[in-house]
1. Regarding chain A, what are the three Cα extents along the principal axes, ordered largest first, in Å?
2. Would you mind calculating the gained length between A:Ala347 and A:Thr384 on full extension (0.36 nm times residue separation, minus the Cα-Cα distance), in nm to one decimal?
3. Taking R0 as 30 Å, what's the FRET efficiency between A:Ile316 and B:Asp96 from their Cβ-Cβ distance, rounded to 0.05?
4. Is the shape of the stretch A:271-398 rounded, prolate or oblate, going by the alpha carbon gyration tensor and its root eigenvalues a ≥ b ≥ c, with a/c under 1.5 for rounded and a/b larger than b/c for prolate?
5. Based on the alpha carbons, how large is the Rg to Rh ratio for chain C when Rh follows Kirkwood?
6. May I ask for the Rg/Rh ratio of the protein assembly as shown, computed from Cα atoms with Rh as the Kirkwood radius, given to two decimals?
7. With a ≥ b ≥ c taken as the square roots of the eigenvalues of the C-alpha gyration tensor of the stretch A:65-114, please select rounded if a/c is under 1.5 and otherwise prolate if a/b is larger than b/c or oblate if it is not?
8. On alpha-carbon atoms, Rg over Rh for the stretch A:177-335 using Kirkwood Rh?
Amino acid sequence: MQCDNIINTLAPCLVQSGWNGDLANFASIFLGVIILATFPLLVTIVLIWFERKFAARIQDRLGPNRVGPFGLLQPFADVIKLLGKEDITPAGADKLIYNIAPVMMVMSVLLIWAVVPLSPIHVGMDLEIGALYIISVASFGTLSVIFASWSSNNKYALLGAFRVVAQLISYEVPLALSLLIPVMLAGSMSLVDITQAQAGMWFIFVAPLSAILFFISSQAETGRAPFDLLEAESELVAGFNIEYSGMKFALFFAGEFMHVFTNGVLMAVLFAGGYIGFGGLENSIPLLGIVFLFLKASVFYMLSLLIRNAIPRVRIDQLMNFNWKFLVPVSIVNVVMMAFLLKVVQALGIAPTPELANDFVANIPQTLVLFAGNVVLGLLVMNTVSSRIRKERLQESANRAIVPMGAGD
Amino acid sequence: MVPLWMYLTVAAALFSIGMYGVLARRNAVAVLMGIELMLNAVNLNLIAFWRYLTPFNMSGQAFAAFVLVVAAAEVAVGLAIIIAVYRNRQSVEVEDVDMLKG
Amino acid sequence: MNFGEGLTPEAFAFGLFTILTLGGALGVVTSLNLVRAAIWLMLSLFGIAGYFVLLSAPFLASVQVLVYIGAIGILFSFAVMLTRGMTNLKERFNDQWWLAGLAALTAFVLLMVGVIVPAFGNSGAPVSDQVTTTVDLGVALVSGNQYVLPFEVASLLLTAAMIGAIVIAREDD
């Protein structure tokens, strides 16, 4: 056995150098878990700097520029500052749960990385139920919000949590429904299979509508603007994490940042071919797969940042209406339509055969049909919504007497 | 592998604890939690028997899935009833909710 | 990994999940604070999900976490927080708690003596190392000669329960 590439052969190599077999296995898995869990946290440090710079540019500011070149060391300075803060536990708090909550928040995001295929050979765990697993671990995030708010014995925190949980649970519905489409197209819930099924054609071209739905609902799941009712600073003091200080607050903060990037990665894996680059390059140099994946994830991440900085916060009733009256019905119709069209494509015999599934040209007819279906549905939906809104506006302006701005609040 | 009777013992213990919760608690929400424990003991038994005795017949897993569905429906309706009762009587003690008693 | 004679990783995991499940269950029936009880419940049901993984039913394990922790546990917490005065109970049990204990103990002893003790001697190896996959479960749930009717009825039940819960819990306007 060659021991020059220890990433994949750590356990056998350790055995070769005289370790106990079980111990070597344990050590290699343990090391893998540590690397996989630390990596997103390290990425987050850079992301925090990047996001602050990005937001500053949009708002015509300079952003962090004092610590290190271009302010690159600012996140480290922040961490040192947060470490120096007093660690406060409020009176009457449920200490154990109060301390577990921030860890659970980070955990709920980190657990997703366990099933994400980073490259053809680097994947934490290829679960056959990967897509379901992603939805499952997301519930830990919801739970941590409840834990944090309830245990900190603060009414504002509890009020904030009620909102947040309503939001998170509601947006899980369109999230799960739009996640069904890649599962349906790939015929498997495993993220590795889903990635490989996109070797011929990315799912974002086959099912653009579900990609958009997934992106919107995952943006809401992170609680970023325009859905940042989690910590609507002007309304709720600071939301569910009001009592947290120092590193515990930083964990919530890091969890949120990491979640945004993780959503970008999920978008890339589910809809943009994951680690698949061009010309099968990632198969000869697996590490390039990680680069491709992160490039794609960065595109979705930037899109998310743009939306965050460009669109104002919605009200809680608008948020709920948007979800239950728009996203959920559209995703249900989308699932039914995609299932139907897939059957039609198979019946017509223009679906790519299993041997040609990785071929770009063989995928084109099926993609065209499904894409056309998506476009038609999208146009129908937009048409319905806009005519509905126009009617509402007309009615509203007819009913409304002249009221000074803000008097009705 | 861990022998089957160990799973059965755990399930039996869980069922008994849940049963105690149902019979001994005053609060209706706590009673509901006891019922959940009992349902899960049943599920554990179903899956254990499926794995050890009939791994090629899906009935064990399918029935466990149906039990999950029923449990979810039961909790949703049960909690809704509890909240409605609380709104009317400001109490969720099972002993106080006896309007139907003659 | 070898922790000593006879202690396989699987046995270790089994022990851990047993502590989680039974410890959580005891917490559910004894805690005075009902939010705490809900958290114990989630812990206990998480242990069950662990058993499902050990028994190679990953789909049900995942659904267990999704349904019980993501939905039912949160629903319980909400219900407790919404109905004030329930977070701290004055009494743990009702007056017949000893009778209930007796009944539960009898049930446990009966189950042990009647069903489980006769199986003690068995090495208890499963009939096959191979198991059906999630795909088989999915096919079984929707194929006409297996479980498609129960499946549809279950969906109907869920819809009915959802509508019913909204109607019942709704405040009269």
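Throughout, read-outs are computed from the coordinates displayed, never taken from laboratory work. None of these values were measured; they are calculated from a predicted model. Note that we place each Cβ from the backbone using ideal geometry, even for glycine, and neighbour counts take in every protein chain shown.
1. Principal-axis extents of the Cα atoms in chain A, largest first: 80, 63, 41 Å.
2. 10.2 nm
3. Working: r = 35 Å, r/R0 = 1.16.
Plugging the Cβ-Cβ distance into 1/(1 + (r/R0)^6) gives 0.30.
4. Details: a/c = 3.41, a/b = 1.46, b/c = 2.33.
Note, shape of the stretch A:271-398 comes out oblate.
5. Details: Rg = 20.5 Å, Rh = 20.0 Å.
Result: Rg/Rh = 1.03.
6. On the way: Rg = 26.7 Å, Rh = 27.6 Å.
Looking at the protein assembly as shown, the ratio lands at 0.97.
7. Working: a/c = 5.37, a/b = 1.46, b/c = 3.69.
Note, shape of the stretch A:65-114 comes out oblate.
8. Numbers: Rg = 17.5 Å, Rh = 17.1 Å.
With Rh from the inverse mean 1/r over Cα pairs, Rg/Rh is 1.02.
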